[in-house]
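Novice: One structure follows; several queries about it will come next.
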Amino acid sequence: MRHLRIPVTRIEGHGLITVHLGEDGRVREARFHVTEVRGFERFCVGRTIWEMPALTARICGICPVSHLLCSAKAGDAVLAVRIPRPAEKLRRLMNLGQIVQSHALSFFHLSSPDLLLGWDADPKVRNILGVAAFDRKLALDGIRLRAFGQEIIEILGGKRIHPAWAVPGGVNQPLTEEGRDRIAAKLPEAMRIAQDALAYYESRMGSWAEEIEHFGNFPSLFMALVAPDGSWEHYGGFLRVVDAERRIVADGLDPARYPEYIGEAVEPWSYLKFPYYKPYGYPEGMYRVGPLARLNCCERFGTKLADEALSRFRALAPGKAVTASFHYHYARLIEILGALEKIGELLSDPEILSTRVRAEAGINELEGVGVHEAPRGTLIHHYGVDETGVIRRVNLIVSTGHNNLAMNRTVAQIAEHWLSGREITEGLLNRLEGGIRAYDPCLSCSVHAVGRMPLRVVLVGPEGEILAERTRGA
Amino acid sequence: MILVIGLGHPLRRDDGVGLWIAQNLEEREGVKVLGAQELTPELIPQLAAADLVIFVDARHGAGPVRWERVKPGPTPPLTHTLPPQGLLSWTARLFGSAPEAWLVTVPARDFSLGEGFSPRTRLAAEALLRRLRAYLGGEE
């Protein structure tokens, strides 16, 4: 058996793909390895519940807000409080800002080079630099849209990276009128950018038909939070699981009881666990989370423009779930648009300026689970504490972990379609990376990564000998 | 408009000196002050709107506070973090021109985990803060 080792770049952190060939030269198996480890779950033990939002926000510099909010929700559960309504609205506002900035980073900075310049383009130009040379407006739009999302975070939290703003019981400072007006003033431009990007994607879809067909296009389950009325949700509500036919497999699942329906398998070749839907077993219980799953699970978005876009998205697979992981990009753009609409709604709610933003309480439960939708998918923080609020046990399940089985399936599908003979073409490498990138995995989050994978390709023979090695820059 | 960007990590002792400058330097008419852990692409439009940019960062080693003129360098990939030269070159590429820019570095030697500066960095930072206040206040 031969192995092709392919480092993955332009994702949050670095991974490695090995393609395992049989003696007949055909793809037998492909694996997306996560080879880095940090161990936040261990070193948070011994800290207090009050420190957890700020501590776990350090898991990732890209999505600290997701961990901050989820951790605060787990803290709410330990305090056994319902936070004030304005505090929930403010947390929602920050999470929507996070969705906008993270999705903008994924689409404009990381993925647009592939989409705009093609997977076979020279790697020297197939980056955002090449995009800027080709389409200056698109590059600037990406910068401005991401800056808008980050500004929301900064206005609410006092800073854009690692704001220690959400706390168990609520948030530690309200939104000022001046802050609200600053966000509102920039909303129209953000809306224009989101609509332009969506129109661009929809107009270009036909040119990506082959990639859409083979970038992780397979039946699976999908899981996401939905509101009690079935509409799109990112902060509260219940978990729903649908299948590839968009039939509801499970609904109204209490997120706090996730161990009853989510199992976590371990493979010796990856530090990233393999969550699965327990009733279906491992690995048949493979499910996807994130933008694609959220759109497949919800019945409507709940805002005008996003719902119009959602109906066009649904038309890709009438009556069924959209199963092509390539369309994570499409779902991401629709979510940006809908998130901006929801930001507009929140800004016009007078309660958003209320100063009643925190419930005070002591330790009332010895266990707490926080679940919400991070940009990349469902995020779970589960803490066990002692009577004084000192952490005794931590379990984190992040979106990249939920998608682990699907990402492995995706690289296998891409290798099966584009690998021909023993030649590792630039086009194959780029598509393998692109297939993974569609999920926008965050390895910093998933294993809390340190260090970087070397950028190399290694061809290993049947006896494990290295047949060829290839290196390229980050 | 003069834009001051203080860089650093608040939990890496002397590394946080640029951030400390940004936190302690007052904004005034025509002067905007930002603190950041890294130079990210979102700063590009703000650079484009500035006439003069002053980056303040820690510099490993001894010696005085250094002022160095920086100009647009090679245009690096637009990722999460950019050097001052890269940020300037992206500004020039996307907006047609880049502002005059200076990189001010403060000597630093303790980059261990924690808060607070080593004595030499503390003295240098306080002196730089006084000088920037005087300069930005029009006294120099």
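Rule-based calculations on the coordinates, nothing more; no lab input. None of these values were measured; they are calculated from a predicted model. When we count neighbours, we look across all protein chains shown, and the Cβ atoms used for this are built from the backbone with ideal geometry, even at glycine.
Novice: Residues of B:92-105, mean number of Cβ from any other protein chain within 10 Å of their own Cβ, rounded to a whole number?
Specialist: Counting Cβ atoms of other protein chains within 10 Å of each residue's Cβ and averaging gives 1.
Novice: For the peptides A:296-303, A:224-231, A:396-403, A:276-283, what is the packing order when you average, over each peptide's residues, the other Cβ atoms within 10 Å and list the highest mean first?
Specialist: Going by the mean number of other Cβ atoms within 10 Å, highest first, we get A:396-403, A:296-303, A:224-231, A:276-283.
Novice: Take the eigenvalues of the Cα gyration tensor for the protein assembly as shown, scale each by 5, and report the square roots as semi-axes in whole Å, largest first.
Specialist: 37, 31, 25
Novice: Which order do peptides A:200-213, B:103-116, B:84-97, A:93-106 fall in by mean Cβ count within 10 Å, highest first? Mind dumping the intermediate values first?
Specialist: Working: A:200-213: 14.6, B:103-116: 16.6, B:84-97: 19.5, A:93-106: 26.5.
Ranking, from highest mean packing down: A:93-106, B:84-97, B:103-116, A:200-213.
Novice: Evaluate the relative contact order of chain A (contact order divided by residue number), counting alpha-carbon pairs under 8 angstrom at least 6 apart; express in whole percent. If you can, show how the numbers build up before the last one.
Specialist: Numbers: 1012 pairs, mean separation 128.2, N = 474.
Relative CO of chain A lands at 27 percent.
Novice: I'd like the Karplus ³J(HN,Hα) series for region A:345-358: coefficients 6.51, -1.76, 1.60, θ = phi - 60°, whole numbers in Hz, and an x wherever there's a Gly or Pro.
Specialist: Working through the residues one at a time gives 5, 5, 5, 8, 8, x, 5, 5, 9, 4, 9, 8, 10, 8 Hz.
Novice: Could you work out the helix-only [θ] at 222 nm for chain A, with each DSSP H run of four or more residues adding -39,500 (n - 2.57) and the total divided by the number of residues, to the nearest 500 deg cm²/dmol?
Specialist: -12000 deg cm²/dmol
Novice: In terms of the ratio Rg/(2.2 N^0.38 Å) built on C-alpha atoms, what value belongs to region B:2-136? Could the numbers behind the result be given before it?
Specialist: Numbers: Rg = 14.3 Å, N = 135, 2.2 N^0.38 = 14.2 Å.
Normalised Cα radius of gyration, region B:2-136: 1.01.
Novice: Can you grab the distance from the C-alpha centre of region A:49-108 to the C-alpha centre of region A:261-317, Å, no decimals?
Specialist: After rounding, the separation between the Cα centres reads 21 Å.
Novice: Give the distance, in whole Å, between the Cα centre of region A:136-198 and the Cα centre of region B:104-140.
Specialist: Each part's Cα centre sits 31 Å from the other's.
Novice: Next question. Going by how many other beta carbons lie within 10 Å of each one, how would you line up A:ASP114, A:ASP135, fewest first?
Specialist: Lowest count first: A:ASP135, A:ASP114.
Novice: Sort A:CYS44, A:CYS70 so that the residue with the fewest other Cβ atoms within 10 Å of its own Cβ comes first and the one with the most comes last.
Specialist: Final ranking by Cβ density, sparse to dense: A:CYS44, A:CYS70.
Novice: How far is helix A:177-204 tilted, in degrees, relative to the longest principal axis of the Cα atoms in chain A, given as a value from 0 to 90 rounded to the nearest 10?
Specialist: Relative to chain A, helix A:177-204 is tipped by roughly 30 degrees.
Novice: Taking each residue in B:35-46, count the Cβ atoms of any other chain within 10 Å of its Cβ, then average. What number comes out? Numbers along the way, then the final one.
Specialist: Details: counts 2, 3, 5, 2, 0, 8, 11, 15, 2, 5, 4, 1.
Mean partner shielding for this stretch: 5.
Novice: Express the relative contact order of chain B as a whole percentage, based on alpha carbon pairs under 8 Å and six or more residues apart in sequence.
Specialist: Working: 308 pairs, mean separation 42.5, N = 140.
Taking the mean separation of contacting Cα pairs over the length of chain B, I get 30 percent.
Novice: Using only Cα atoms, what is the ratio of the radius of gyration of region A:218-323 to 2.2 N^0.38 Å?
Specialist: My calculation over the Cα atoms of region A:218-323 gives 1.10.
Novice: For region A:64-78, what does the Karplus curve 6.51 cos²θ - 1.76 cosθ + 1.60, with θ = phi - 60°, yield as ³J(HN,Hα) per residue in whole Hz, taken in order and with x for Gly and Pro?
Specialist: Coupling constants for region A:64-78: x, 4, 4, 5, 4, 6, 5, 5, 4, 5, 5, x, 4, 5, 5 Hz.
Novice: Follow-up question, since we're still on this one. Round to the nearest 10 and give me the degree value, 0 to 90, for the angle of helix A:136-157's Cα axis relative to the longest principal axis of chain A.
Specialist: Orientation of helix A:136-157: about 30 degrees from the principal axis.
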